[in-house]
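These notes concern the structure reproduced below.
The values are calculated or read from the model by the stated rules, or taken from the named source; none is laboratory data. Predicted model only: the values in this text are computed from it and were never measured. Accessible surface is based on the protein model in full, side chains and every heavy atom, while ligands, DNA and RNA are left aside. Shrake-Rupley method; radii C 1.70, N 1.55, O 1.52, S 1.80 Å.
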Amino acid sequence: MRYSFDSEYMGVAEIINGWDPISLFPYAPEDEYHSEINLVKQVMSCCLNANELADKIYQIFSRTFGDLFVETKQECLYIADKLLMLKKEK
């Protein structure tokens, strides 16, 4: 399936794909986290701080991947900080 991506999506995708939270790459298609990236992009606009965004990221990936997702909330906080820095650069 082909998708069209805006620059914000691409920035979020670069961070999430680089993180690869359930170690799918290089075996999975590059759009494997597409749905989760879109959800993260949506919640970024309403989260007031990194802790709140980290909680949302943790929820998104836990719901989607269940026991396959073993990252900690601390790791999600690191990703949230990176995403918020990206948002500030815009």
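Structural remarks
- Solvent exposure, largest accessible area first (probe 1.4 Å, DNA, RNA and ligands not counted), of E30, E71: E30, E71
- Whole-angstrom gap from the range 32-65 to the range 7-23, using each part's C-alpha centre: 11
- Among F25, F61, the order of accessible area from largest down is F25, F61, computed with a 1.4 Å probe on protein heavy atoms.
- Accessible surface of E89, taken over heavy atoms with a 1.4 Å probe and every protein chain present, rounds to 140 Å².
- Long-range Cα-Cα pairs in the range 38-90 (distance over 13 Å), rounded percent: 54
- Per-residue SASA entry for C76, accessible area with 1.4 Å probe, Å² rounded to 10: 0
- Per residue accessible area of the chain, 1.4 Å probe, in Å²: 64
- The convex hull around the C-alpha trace of the chain, projected and averaged over every direction, spans 5.6 square nanometres.
- Largest-first ordering by accessible area, 1.4 Å probe, given options D31, D6, D67: D67, D6, D31
- Rounded percent of accessible protein surface that carbon and sulfur make up, the range 1-76, 1.4 Å probe: 49
- In this view, the solvent-accessible surface of T64, computed with a 1.4 Å probe and all protein chains in place, comes to about 70 Å².
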